[in-house]
1. Return a whole-number percent for the relative contact order of the stretch 12-107, with Cα pairs under 8 Å and 6 or more residues apart as the contact set.
2. Please identify every one of the GluC sites (Glu not before Pro) in the stretch 128-214 that sits in a loop by DSSP and has no more than 15 other beta carbons within 10 Å of its own beta carbon.
3. Quick one: dipole size for the stretch 1-146, taken about the Cα centre, charges +1 on Lys/Arg Cβ and -1 on Asp/Glu Cβ, in debye to the nearest 20.
4. Over the Cα atoms of the stretch 1-104, what is the Rg over Rh ratio if Rh follows Kirkwood?
5. Which FRET efficiency, nearest 0.05, do Glu109 and Leu148 yield, Cβ-Cβ r, R0 45 Å?
6. State which entries of Lys112/Lys211; Lys189/Lys211; Lys121/Lys191; Lys82/Lys189; Lys60/Lys212 exceed 24 angstrom in Cα-Cα distance in the structure shown.
7. Which far-off residues, 5 or more places away or on another chain, put their amide H under 5 Å from the one on Val30, with H placed in the peptide plane?
8. Would you please name the GluC sites (Glu not before Pro) within the stretch 24-129 that are DSSP coil residues with at most 12 other C-beta atoms within 10 Å of their C-beta?
Amino acid sequence: MKSLNIIFLGRSGSGKGTQAELLMKKFVLVNIDTGDILRKLARRKDKFGRTVLKTISHGKLVPIWLVIYCWFNQLLKIPSKKGIIMEGSPRQLEEAKILEEIFSWLGRENLKVVYLRTSTKEVTQRLLLRRICSKCGRGFSLNFTPNLKECSYCKGKLIRRSDDYPRAIKNRMLFFQKKILPVINYFRKKKIVIEVNGEGSVEEIHKRILKKLL
Ligand code: AMP
C-alpha cells in the first residue's frame, strides 16, 4: 500500500499542530514540523542561530534553501513506506513546487492537502493566549488554564513564543493571504485539497477531517 502523505495548511493558530498530532497517532505518521526544526536551529549560539531567530521572531519566511534543507534532512531518514505529515509548509508557491518534486523522487505520490479554514479574528485571539513549554514544546491556552505557569506534563516553564506578539502575528496573517493562499489554490487545481472548517472543538474538527480524508 502507498504511504499517506498529508500537508496541513491554515493560518498560524488554526490548530494545525493539534490536528496533525491526532492524525499522526491514528495513521502512525511521522510529523515534519518546519517551524519546530527552525526554532531548534535558532537556539544555536552563532551568527546562523541569531539570524534564524531574528527572521522567525519577525514572522518572516526563512530562505527556501534553508526550508529544503530542513525537509530533506528529515525525509531521507524516513522509510518511504511510512506516511508523513507536514504542518504549515510549504509557505510559498516555489516551495510547493519543489516539495512536489521531492515527494515524487521519494515515491510519495499519495499526497493530500488539508486546509483548516479559520477567521483572522479567531486565530489572533488564540495566538495571544498561547503559551508553550520551554522544555518539551507542548502548547497550552491561557483561555482554558489562565493561571498555569508550568507544563502539566514535564513541569517546564511556560513561555510565549517569540512570534506570538501582535506585530509578528499581523505579519503572519498578511503572509497567509499573500503566500499560502496561492499554495492552496495551486493544490486545489490538482484536486487534492480537503477543506475543513477549523472552528469548533478539537474532537469535532478531527471528525470533520477524517470524514473527508477517508
Ligand atoms: P510555525 O511554527 O509553523 O508558525 O513557524 C514559525 C516560523 O518559522 C515562521 O513564522 C517562519 O518564520 C518560519 N517558517 C516555518 N515554515 C516555513 C517555511 N515553509 N518557509 C519559510 N519559513 C518558514
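Please treat every number below as a calculation from the coordinates, not as lab data. All values derive from a computational prediction rather than experimental measurement. Positions of Cβ are backbone-derived with ideal geometry, glycine not excepted, and every protein chain shown enters the neighbour counts.
1. Values: 75 pairs, mean separation 35.9, N = 96.
37 percent.
2. Numbers: sites: Glu150, Glu195, Glu199, Glu203, Glu204; in loops: Glu199.
Passing both the DSSP loop test and the Cβ count: Glu199.
3. Details: 28 positive and 11 negative charges, 124 e Å.
For the stretch 1-146, the charge dipole is close to 600 debye.
4. Values: Rg = 14.0 Å, Rh = 14.5 Å.
Over the Cα atoms of the stretch 1-104, Rg/Rh equals 0.97.
5. Working: r = 43 Å, r/R0 = 0.96.
My answer for the efficiency is 0.55.
6. Values: Lys112/Lys211 14 Å; Lys189/Lys211 21 Å; Lys121/Lys191 29 Å; Lys82/Lys189 26 Å; Lys60/Lys212 32 Å.
Pairs exceeding the cut-off: Lys121/Lys191; Lys82/Lys189; Lys60/Lys212.
7. HN-HN under 5 Å from Val30: Gly83, Ile84, Ile85.
8. Working: sites: Glu87, Glu94, Glu95, Glu100, Glu101, Glu109, Glu122; in loops: Glu109.
Sites meeting the loop and neighbour criteria: Glu109.
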